[in-house]
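I have placed the structure first, in the form of structure tokens, so that the comments after it can refer back to it.
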Amino acid sequence: MKNFFKPARIGFYILMLLTFFVLGLYYAGFVAAGKGQGLAGGAIVLGYGVLFGGVAFVASFFIAHFLEVSKIKIINWVLLALLGATWVYKYYEYKTRDAQQEKRNEPYQDKNTMPTETAEPVSASLVFKRANASHIEEPLAKNNLGLGFFTPNFYEYPTLYFYGNITHGKSVSAHIPQDSLALGRDQFGDFTLIAAPPWLWPEAMNQQFGIFHFKVTAIGQEFITVEGNSKNGKRIILNKQQGQLHYWPDILLLATTLTFVEEKKQLPRSKPLDNAIEVTTPFEYMTAIEITNEWALVSLKDSNHRHVGKGWIRWQKEHQLLINYTLPNIES
């Protein structure tokens, strides 16, 4: 019985428990055991660690019974080295991720360029039309607002397929894609570009967070037509099930702030009429309360975003957007 509690054997029990606990956590991540489980995901992953560690801890007593102390010491060093290497790797991963987060928080420097006529390597970053896809500060359509935005869901559909001419009445599966936009994920969960056509230029995008906004021009039962290139109006057809459609009222109600386009400034009105009484309360920002065809009831806010009044403004006229807006930043 005393042989079970020699220092080398005690160390072996503990190291087996810790090593296989960590192994269980990695295995749970490899098989995506907690994916899609909501708040229970963490408990499921932890359960794998406890299960692996518990089984290894019990097994270590039987293993130690049949092995000489000299061999157990060698195994202990190996297990200790594995734990040390794991700690070093996780620490390096943490520092790298922390450095990337600091880089993201740095002020953005505009590096926009026009799309090239030839395809770039798949490792290159796609052209950013905006510094942040959630912040849009100019009219998105000079001649036609469209119906709203289509936002692909790259979490569930990593590849967004582009279709040409379609036959109405036939399902998506009966059509062959002509091109695609494919994103992957790096070790930190950020999106990376795998493939994209050189002409792709959405209304707004932030590749790192998998955010792409395409202006919608037509909607069908299974397909949706969008502008694949907002510079030249090139239209593409997408599978409507691969993302979410946001109509203009939804976009404006979701916006955290509204401001007027510089050359189209106006005073809020007491009613949604051009000849209604003007609201002269000083304000800096606005948020939407209610949207009609061309008018929006807004909450007027000061520089500290405190409510100071409300009024009606024209948000569009003759299919031209009269306001800028900021959407909440959406991250993976």
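Report, by residue number, each residue of the range 279-305 that is touching a residue at least 12 places away in the same chain (Cβ under 8 Å), more than 21 Å from Trp248 (Cβ to Cβ) and not aliphatic (A, V, I, L, M).
Passing the criteria: Thr280, Thr281, Pro282, Phe283, Glu284, Lys301, Asp302, Ser303, His305.
Out of the residues in the range 306-328 that are without any contact (Cβ under 8 Å) to a residue 40 or more places away in the chain and in a loop (DSSP other than H, G, I, E, B), state the one that is nearest to Leu147 (Cα to Cα).
Only one residue tops the list, namely Glu318.
Does the range 259-271 contain any residue that is in a loop (DSSP other than H, G, I, E, B), outside the structural domain of Phe191 (by TED's automatic domain parsing) and either at pLDDT below 90 or within 30 Å of Pro158 (Cβ to Cβ) (or both)? Even if it seems obvious, please write down each step before you answer.
We begin by selecting, within the range 259-271, every residue in a loop (DSSP other than H, G, I, E, B); these are 261, 265-268, 270-271.
Going one step further and asking which of them are outside the structural domain of Phe191 (by TED's automatic domain parsing), we end up with 261, 265-268, 270-271.
Next, from what is left, pick out any that are either at pLDDT below 90 or within 30 Å of Pro158 (Cβ to Cβ) (or both): 261, 265.
Checking the range 259-271: at least one residue is in a loop (DSSP other than H, G, I, E, B), outside the structural domain of Phe191 (by TED's automatic domain parsing) and either at pLDDT below 90 or within 30 Å of Pro158 (Cβ to Cβ) (or both).
Kindly provide the set of residues from the range 229-257 that are among the small types (Gly, Ala, Ser) and under 16 Å from Gly148 (Cβ atoms), ordered by number.
Matches in the range 229-257: Ser230, Gly243, Ala255.
Just wondering, is there one or more residues in the range 163-173 that are assigned by TED's automatic domain parsing to the domain that holds Asn239, under 30 Å from Leu252 (Cβ atoms) and under 13 Å from the mean Cα position of the chain (by Cα)?
Looking through the range 163-173, none of the residues is assigned by TED's automatic domain parsing to the domain that holds Asn239, under 30 Å from Leu252 (Cβ atoms) and under 13 Å from the mean Cα position of the chain (by Cα).
Kindly list the number of the only condition in (1) surrounded by fewer than 17 Cβ atoms within 10 Å (Cβ to Cβ); (2) aliphatic (A, V, I, L, M); (3) farther than 30 Å from Glu156 by Cβ that fails for Leu300.
Looking at each condition in turn, Leu300 falls short on (1).
The values are calculated or read from the model by the stated rules, or taken from the named source; none is laboratory data. The structure displayed is predicted, hence computed values, not measured ones. Heads up, the Cβs are rebuilt from the backbone with ideal geometry, glycines too, and the neighbour counts pull from every protein chain shown.
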